[in-house]
Amino acid sequence: MTGAEPDDPRSAELGANLAAVRARIEAACAAAGRPVQEVTLVVVTKTWPADDIRRLAGLAVTDVGENRDQEAAPKHAACADLGLRWHFIGQLQTNKAGHVARYADVVHSVDRPRLVDALSRGALAAGRQLRALVQVALDPDPGQPGTLGPRGGAHPDDVLALADTVAGAPGLELGGVMAVAPVGEDPAPAFARLAEMAAAVRTRHPGATDVSAGMSGDLEAAVACGATHLRVGTAVLGSRPRLG
Ligand SMILES: *Cc1c(COP(=O)(O)O)cnc(C)c1O
């Protein structure tokens, strides 16, 4: 398929969903007094086939997100002609980092020093430069410094040191910070804490301007708190098929 046939029902469905999501983003930016150009929509295509990625490219999507290397690598290979930016957004094992470094343009889920080393080595081996975001755990009770949050993410007290480590790693450039709002809580205070951390990181690293926050259910709250990257899956592609 070429992906942009106007009479393909799946393309029509994706197009309608995208229009609705883009309208939500415009309304949220207007409410926050922010230019819409500040916000990048990353469409999270995990569990959906490469043909859907091709359809999305035909609908002017420029950025896609995946969370598992085993799934992302073949989809990237099948879509290499589309000129998309690939965002890796999932928890990442150190032994997979070198492989992810071959195709990801941005890794949003950097949450520990060993992963920084592995991504740096992988980027150098692949002759690539990766943008890396420090994932922050936003749980109200984040546990002890040095531990990760339940869905990954560095303890807030570890974020500045980890940002410094990324900034000093060859093959990596520090993009900024990323977070997932805690399940079942009002996302606004969590995103406000993320905004404070993003500002603290930017004070030391002025190029680290990315704030990756907001998904299908909470993108308005994320835009209100300064998000520059929204990771939206369900609202564009529909409910994910259940995995095994
Ligand atoms: C799946 C996923 C998303 C997208 O979530 P939706 O609710 O489907 O929009 C965003 N961020 C991360 C880290 C994810 O794993």
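The table for this structure:
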read-out: The stretch 170-214: proportion of alpha-carbon pairs further apart than 17 angstrom, %; value: 35 percent
read-out: When the stretch 41-122 is reduced to its Cα atoms, the Kirkwood hydrodynamic radius in Å; value: 12.8 Å
read-out: Karplus 3J(HN,Hα) series, Hz, for the stretch 146-163 with 6.51 cos²θ - 1.76 cosθ + 1.60 (x for Gly, Pro); value: x, 10, 9, x, x, 10, x, x, 6, 4, x, 5, 9, 5, 5, 5, 5, 4
read-out: The stretch 68-195: relative contact order in percent, alpha carbon pairs under 8 Å with at least 6 residues between; value: 22 percent
read-out: Computed over the stretch 1-76, Kirkwood Rh from alpha-carbon pairs, angstrom; value: 13.5 Å
read-out: Vicinal HN-Hα couplings computed from phi for the stretch 37-53 (Karplus, 6.51 cos²θ - 1.76 cosθ + 1.60; Hz; Gly/Pro x); value: 5, 6, 10, 9, 8, 9, 7, 8, 9, 3, 6, 9, x, 4, 4, 5, 5
read-out: Compactness of the stretch 76-193, expressed as Rg and Dmax over alpha-carbon positions, Å; value: 14.5, 45
read-out: Förster-model FRET efficiency, 30 Å R0, residue 31 and residue 105, C-beta, rounded to 0.05; value: 0.50
read-out: Cα centroid separation, the stretch 88-123 to the stretch 141-193 (Å); value: 15 Å
read-out: Cα centroid separation, the stretch 204-232 to the stretch 30-48 (Å); value: 8 Å
read-out: Heavy atoms of residue 197 accessible to a 1.4 Å probe, total area in Å² rounded to 10; value: 30 Å²
read-out: Cα→Cβ-extended label distance, 7 Å offset, between residue 62 and residue 196, nm; value: 3.3 nm
read-out: Segments 140-148, 199-207 sorted - mean Cβ within 10 Å per residue, highest first; value: 199-207, 140-148
read-out: Rounded percent of accessible protein surface that carbon and sulfur make up, the stretch 78-205, 1.4 Å probe; value: 50 percent
read-out: Antiparallel %, DSSP beta bridges [both residues in the chain], to 5; value: 5 percent
read-out: Segment residue 117-residue 216, length gained on full extension (0.36 nm per residue, minus Cα span); value: 32.4 nm
read-out: Radius 15 Å from Cβ of residue 98, net charge of other residues (Lys, Arg +1; Asp, Glu -1); value: +3
read-out: Amide hydrogen neighbours beyond the local backbone of residue 44, cut-off 5 Å, H modeled; value: 65, 232, 233
read-out: Extended-chain gain in nm, criterion 0.36 nm per residue less alpha-carbon gap, residue 183 and residue 203; value: 4.2 nm
read-out: Solvent-accessible surface (1.4 angstrom probe) belonging to residue 155, in square angstrom, nearest 10; value: 10 Å²
read-out: Probe 1.4 Å, accessible area per residue of the stretch 200-240, Å²; value: 36 Å²
read-out: Stokes-Einstein D in µm²/s, Kirkwood radius over Cα pairs - the chain at 25 °C with 0.890 mPa s viscosity; value: 135 µm²/s
read-out: Table column - 3J(HN,Hα) (Hz), the stretch 233-240, Karplus curve with 6.51, -1.76, 1.60, x for Gly and Pro; value: x, 3, 5, 9, 9, x, 5, 5
read-out: Those GluC sites (Glu not before Pro) in the stretch 174-232 that DSSP places in a loop and that have at most 12 other beta carbons within 10 Å; value: 185
read-out: If the convex hull is drawn through the Cα atoms of the stretch 74-123, its volume per residue in Å³; value: 69 Å³
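The values are calculated or read from the model by the stated rules, or taken from the named source; none is laboratory data. On a predicted model such as this, the values are computed, not experimentally measured, just so you know. Please note: Cβ atoms are built from the backbone with ideal geometry, for glycine as well, and neighbour counts cover all protein chains shown. The area values use the complete protein model at the heavy-atom level, side chains included, leaving out ligands, DNA and RNA. Shrake-Rupley method; radii C 1.70, N 1.55, O 1.52, S 1.80 Å.
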